[in-house]
Amino acid sequence: RTTRTPAPPGSLPEVGVTRDQTLHVIAFGPDDFYEARLSDVAAARALRERFPVVWIDLIGHGDVALLDAVRNAFGLHALAIEDVANLGQRPKVEDYHQNLFTVVRMLEAEGAGLVSEQLALFLLDGVLVTFQERSGDCLDSLRERIRDARGRVRSMSSGYLFYSVLDAVIDGYFPLIESVGDRVEALEEDVLFGPNADPIGPLHEAKRDL
């Protein structure tokens, strides 16, 4: 968890700009599609007038001015944006009436263990705004379905896109759970039959990941 300095509610932390911070936008309808990396939040907001659904994905944290610009452009609650900026939030859902704020954890393998990344989502009418810690995620298959107009997502609402993102995140858990299960089975064999005299460390790591 990050160490937080006491500050008024809704305050954003003053930190340096993350190198890989990008504003990736996908906008679509049943018969139209647009995708780009933008530097202007106003240009991303203007897409709402042309497309039924706009997905704005802010990758990387640190640029407080950009976070504030996204908050103002889409009317996001200051307390929710504070949670976006302060990483290490637990999974949760908060209803701010005009938008639904959700935090989930994305998992990925790293060496023999797992790393957990915070993914924050704001569901608005016709818009989904997501915030990721770093580039690289489990959502590429969803992006491909949108680009190729496969499945129902291009004809559905921002609510269905929100559901699809959560579905992809949870689907990504299962192969990782299986890999941890394989590690536990190997450790059990070491404890019962192998020459490993000290399995406590690997067992603790596997328990932590689970």
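Just so you know, all these numbers are worked out from the coordinates, no wet-lab data involved. All values reported here derive from a predicted model rather than from experimental measurement. Quick reminder, even Gly has a Cβ in these numbers, built from the backbone with ideal geometry, and neighbours come from all protein chains shown.
Axis of helix 200-209 versus longest Cα principal axis of the chain: the two differ by about 20°, to the nearest ten degrees.
Per residue, the convex hull around the alpha carbon atoms of the range 127-189 comes to 109 Å³. Using θ = phi - 60° in the Karplus curve 6.51 cos²θ - 1.76 cosθ + 1.60, the 3J(HN,Hα) couplings for the range 139-152 round to 9, 5, 5, 5, 4, 5, 5, 5, 4, 8, 6, 8, x, 9 Hz; x is entered for Gly and Pro. In terms of overall dimensions, the C-alpha atoms belonging to the range 27-96 reach 38, 25, 19 Å along their principal axes, ordered largest to smallest. Sorted from longest to shortest, the spans of the Cα atoms of the range 56-112 along the three principal axes equal 41, 25, 19 Å. Close amide H partners of Glu133, meaning residues 5 or more places away or on another chain with modelled amide H under 5 Å apart, are Gly60, Gln118.
Between Phe33 and any residue 5 or more places off or on another chain, the built amide H atoms are never under 5 Å apart. When each of the peptides 127-140, 33-46, 77-90, 51-64 is scored by the mean number of other C-beta atoms lying within 10 Å of its residues, the order from highest to lowest reads 51-64, 127-140, 77-90, 33-46. Applied to the range 182-187, the Karplus parametrisation 6.51 cos²θ - 1.76 cosθ + 1.60 on θ = phi - 60° returns per-residue 3J(HN,Hα) values of 5, 4, 5, 4, 5, 5 Hz, with x for Gly and Pro. Here the Karplus relation 6.51 cos²θ - 1.76 cosθ + 1.60, evaluated at θ = phi - 60°, turns the backbone of the range 116-128 into coupling constants of 10, 10, 7, 10, 10, 10, 10, 9, 10, 5, x, 9, 10 Hz, with x for every Gly and Pro. Remark on Leu128: its backbone amide H falls under 5 Å from those of Val54, Trp55, Ile56, a criterion applied only to residues 5 or more positions apart or on other chains, H modelled at 1.01 Å from N.
Both radii were evaluated on the Cα set of the range 118-161; the Rg over Rh quotient, with Rh as the Kirkwood radius, amounts to 0.98.
When each pair of different Cα atoms in the chain is counted once in the 1/r mean, what is the Kirkwood radius in angstroms, to one decimal? Let's see the in-between values first.
Values: mean 1/r = 0.0529 Å⁻¹.
Computed over Cα pairs of the chain, the Kirkwood hydrodynamic radius comes out at 18.9 Å.
When every alpha-carbon pair in the range 80-126 is counted, what percent end up more than 18 Å apart? Result: 37 percent of Cα pairs exceed 18 Å.
When the convex hull of its Cα atoms is viewed from all sides, the range 77-158 shows a mean projected area of 6.6 nm².
Based on Cα coordinates alone, diagonalise the gyration tensor for the range 89-210, multiply each eigenvalue by 5, take square roots, and list the semi-axes in whole Å, largest first. Before the final figure, lay out each step's value.
Values: eigenvalues 275, 54, 21 Å².
Sorted largest first and rounded, they come to 37, 16, 10 Å.
Secondary-structure-derived ellipticity at 222 nm for the chain, considering helices only, amounts to -11500 deg cm²/dmol, per-run term -39500 (n - 2.57) for DSSP H runs with n ≥ 4.
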